[in-house]
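Everything below concerns the one structure shown next.
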Amino acid sequence: MTDTDKTAFFSAVLKTIASTRNHGIDQDEHTRGVVEPAARIRAVEEETGERPLTSGETGEVLDLLETTFRTKRTPDEEREYYLQYIERVSGVSRASLDVSAR
């Protein structure tokens, strides 16, 4: 993913997780569906080091982000807003990864 700004990508994804309002009420669900995926995203960032992200890694991170959206019960319009933001600031093409607001 040579056109991807990896630092901007991880920053935007983690900022999105922190910024989206949690409409869920179950603390255990929040841990499994928000805290653990965010930790995995940070681990992927660390594991990749200085090398570019693969499409598989980018897809994994976006899938984890989707998990947080579902857990927080984020409205579709807000999901789309954040996905567009991530795409704009990082250069990640959702179309090439077959990712959309679900």
Exercise for the section: Filter the stretch 57-90 for residues that are outside any helix (DSSP H, G or I) and open to solvent by 40 Å² or more (accessible area, probe 1.4 Å) and give the result. Expected result: R73, P75
Problem - Qualifying residue in the stretch 4-23 (condition: buried (at least 18 other Cβ atoms within 10 Å of the Cβ) and either free of Cβ contacts under 8 Å to residues at least 12 places away in the same chain or among the basic types (K, R) (or both)) - result: yes
Handout entry: All positions within the stretch 49-75 that are out of contact with any Ser or Thr (no Cβ under 8 Å at 6 or more places or on another chain) and more than 24 Å from T31 (Cβ to Cβ)
Key = G49, E50, R51, T54, G56
Exercise for the section: May I ask you to say which residue of T71, T31, T58 is among the hydroxyl-bearing types (S, T, Y) and at pLDDT below 95? Expected result: T58
Exercise for the section: Those residues that are in a helix (DSSP H, G or I), β-branched (V, I, T) and out of contact with any Lys or Arg (no Cβ under 7 Å at 6 or more places or on another chain), I need them from the stretch 3-39; list them, please. Expected result: T7, V13, T16, I17, T31, V35
Problem - Evaluation of P52 against (1) open to solvent by 40 Å² or more (accessible area, probe 1.4 Å); (2) within 20 Å of K6 (Cα to Cα); (3) in a helix (DSSP H, G or I) (one fails), failing number - result: (3)
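The values are calculated or read from the model by the stated rules, or taken from the named source; none is laboratory data. Fair warning: this is a prediction, and the values are worked out from it, not measured in the lab. All Cβ positions, even for glycine, are placed from backbone atoms using ideal geometry, and neighbour counts span all protein chains on display. Keep in mind that these areas ignore ligands, DNA and RNA; they rest on the heavy atoms of the full protein, side chains included. Shrake-Rupley method; radii C 1.70, N 1.55, O 1.52, S 1.80 Å.
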